[in-house]
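In what follows, a structure is listed as structure tokens, so that the remarks can point back to it.
Any read-out appearing in this document is the output of simple, stated calculations on the displayed coordinates, not a laboratory observation. Quick caveat: nothing in here was measured; it's all calculated off a predicted structure. Neighbour counts run over all protein chains shown; Cβ positions are idealised from the backbone, glycine included.
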């Protein structure tokens, strides 16, 4: 195994939301330039680019995203590539960037995620997103993503007696957190009543159980740890970067009350970092739908299977609770530009561990986790972080 | 730098062509299973999957390709991801797989490339492929890929006095090579007259100057070199894996008579391997259009700028010539399933270096090169290979 370590040395984020006045390439350039400036380096110090995007071909008619990023950041002829694992594209871009540094191939690289989702009609976007599941056995028969997660929610509620009100508590908490995040798409509080009355999208999931369509980009600069120390005092070490997969379709899963890929990736990450769930100070998890956050906090080991919905309703995952979840506002409150999400989660972890989160700050944050899911759980990626040298 | 080395230990290829009876996932499974069998390992020995695909969202409505591959090869819960750099997607998948081994993260991984292009009408396919260039400043105004390469050909011919007949010699040679490749799409010879009379697609490029739309998949198993030696006597060492980028659109290029990304990637690869162009025994280069092969053999250093078309017409790039180019038949003769092409090039190099190429065999093949281009040259990837331990 490599003795090298990797650390995050700078971050850049666009506002998440509906960017009618900015194109995909504007979003990339904004996040990338901010990250370079935040790291306090010059573009010419970067040696490679790893960009996560899910469905640019269908959202904006553009592939060859790596080259587009290098070009619009003025970083030709750097090697630059796109990575895709549906909504986990940002996290696998980070993972590939990390491996490029561990390999000795690079010392400093940029990792970005971006999606421009509002340039097509929402039905078309739903169809593009359906490509994250099995288009032959699910999407073709009308099962878009709300429907797939509704099936998981239905099975979970039947098994454990969880209620729609308990699921609604996920959205209420995440909107409350997003209120204090200036980059969030939805900076407004919602109540349990608001969620309950927001209308079914796919029963039992209502509009406010669902994350939105979002435009946005996120970027981080990562570096070999010794190099990182020379550059900044705020470097955050990557303790573990793990990924696992499961069947592309729900019908072939062994269980519908958990995401096995999350469990496998988390287990490997805890082992690599020498940590247990109770050591984690906070986690950004993949709440594409409220039920997804409940699965995540159980599958990551924070709560016993079947107890996550109740725990959320009791406030145990709020800032100040047992384990603060999605302090950024999560996908629900902050928004979910699918390719950017995994990288944006990491930026929240970076800021929390550097005590830069203001009203969202978790006290004594020592170990941070990010958890990013592709599709209905066919990919899961887990990262663990701490301050470098602590 | 890592002291580890990487070697190819097995290969698998589907026939290239129009597969009306096989889906994308059948093609993946066929190539992947063949590669595992050819390497003489079991699936459970594989630790990660790197899949190259350009535009699956637009060709078959499916994203989340990494998970799909793992699932249909029965390799869950392995980490699996998709990499995209337009027509160079296969080569950057290999590059990422190589880095994962150099990093110490993995010892044995599968690298695949696949594209199913014939399930949409050819105009729609051309539009999807146009996403490899700048969709805002090129494709939107009607400049599909034949048009972009026709601009390059026009400029080159004006500069150096090259003729359409000289360009046609590329197609004639590559069809002649493909005749002896049982996996090739076009196993028939063509003459200069055939090419000249095949009708303009985008002047000066005619139908037979253009590579076809193709379905196909290719896979290789790669391993850390010490591990590779334990597994097989036919391991091929990766001496260098280099990538470079350029502007996404032609209009912003500094020169239209070369691809700078090819030059940069090749220079780095030669340096890393300690080789010069004259050391190379054969090369698989990116002949998406006849003019592209001429650019490649010059930019890779085999022929002086401006002399490649004449050299080709004189037979210098035939098997048995100064430097055999595209012994497989190239993209023109073998076919060009875009995501699979880079991996298929590597399979030709593997077989040539293992003296398995039968009637296409290059005598005393010692050092092999592959060269894969994305779009009109915004990405170029160069790999160098030799027999492991020689």
Query raised in the report: Where the Cα atoms of segment B:1-126 are projected onto their three principal axes, how long is each span, largest first, in whole Å?
Result: 48, 28, 24
Report task. Report the relative contact order of chain A, percent, no decimals, based on alpha-carbon pairs under 8 angstrom and at least 6 residues apart. Result -> 25
Report task. Can you tell me the 0 to 90 degree angle between the C-alpha axis of helix A:260-273 and the longest principal axis of chain A, rounded to 10? Result -> 40
Query raised in the report: Tilt of helix B:338-353 relative to the longest C-alpha principal axis of chain B, in degrees (0 to 90, nearest 10)?
Result: 70
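Where a ≥ b ≥ c are the square roots of the eigenvalues of the C-alpha gyration tensor, would you call segment A:162-266 rounded, which needs a/c under 1.5, or, failing that, prolate if a/b is larger than b/c, or oblate? Intermediate results must be reported in sequence, preceding the final value.
Details: a/c = 2.77, a/b = 1.39, b/c = 1.99.
Oblate.
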Query - Most fluctuating residue given options A:60, A:49, A:294, as computed from a GNM of chain A linking Cα atoms under 10 Å - result: A:60
Query raised in the report: Taking the label point as lying 7 angstrom from Cα along the Cα-to-Cβ axis, what are the distances from residue A:189 to the corresponding position in the remaining copies, in ascending order and in nanometres?
Result: 8.3
**Report entry** Ordering of B:218-224, A:281-287, B:12-18, A:332-338 by burial proxy (mean other Cβ atoms within 10 Å per residue, highest first)
**Finding:** A:332-338, B:218-224, A:281-287, B:12-18
Query raised in the report: Shortest first, in nm, what separates the label point of residue A:40 from those of the same position in the other copies (7 Å along Cα→Cβ)?
Result: 5.5
Query - Nearest 10 degrees, 0 to 90: helix B:24-39 Cα axis against chain B principal axis - result: 60
Requested in this report: Every other copy gets compared here: list the nm distances from the residue A:358 label point (7 Å along Cα to Cβ) to its counterparts, shortest first, one decimal.
Outcome: 6.9
Query raised in the report: Where the centroid of each part is defined by its Cα atoms, how far is segment A:199-257 from segment A:274-322 in Å?
Result: 15
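From the Cα gyration tensor of segment A:308-387, with a ≥ b ≥ c the square roots of its eigenvalues, which class applies: rounded if a/c is under 1.5, or else prolate if a/b is larger than b/c, or else oblate? Provide the component values of the computation, followed by the final result.
Values: a/c = 1.65, a/b = 1.17, b/c = 1.41.
Oblate.
Take every residue in peptide A:82-93, count the Cβ atoms of other chains within 10 Å of its Cβ, and give the average of those counts. If you can, show how the numbers build up before the last one.
Numbers: counts 8, 8, 12, 9, 6, 2, 4, 5, 0, 1, 7, 1.
Shielding by partners across A:82-93 averages 5.
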Report summary line: The Cα radius of gyration of the protein assembly as shown, divided by 2.2 N^0.38 Å with N its residue count, comes to 0.92
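Does segment B:208-251 come out rounded, prolate or oblate, given a ≥ b ≥ c as the square roots of the eigenvalues of its C-alpha gyration tensor, rounded meaning a/c under 1.5 and, failing that, prolate meaning a/b above b/c? Please list the in-between numbers first.
Details: a/c = 3.74, a/b = 1.77, b/c = 2.11.
It is oblate, given that a/c is not under 1.5 and a/b is not larger than b/c.
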Query raised in the report: Separation of segment B:130-173 and segment B:103-122 by C-alpha centroid, Å?
Result: 27
**Report entry** Within a Gaussian network of chain A (alpha carbon springs, distance under 10 Å), most fluctuating of A:190, A:346, A:108
**Finding:** A:190
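Let me confirm one metric for peptide A:372-383, namely the mean number of other chain beta-carbon atoms within 10 Å of its residues' beta-carbons.
Details: counts 0, 0, 5, 4, 1, 1, 9, 8, 3, 2, 0, 0.
Mean number of neighbouring Cβ atoms from other chains: 3.
Relative contact order (percent) for segment B:205-289, with alpha-carbon contacts under 8 angstrom and 6 or more residues of separation? Spell out each step's value before the answer.
On the way: 37 pairs, mean separation 30.2, N = 85.
With pairs under 8 Å counted, the relative contact order is 35 percent.
Below 8 Å, C-alpha to C-alpha, sequence gap of six or more: please give me the relative contact order for segment A:149-226 in percent.
Details: 64 pairs, mean separation 21.5, N = 78.
Computed over segment A:149-226, the figure is 28 percent.
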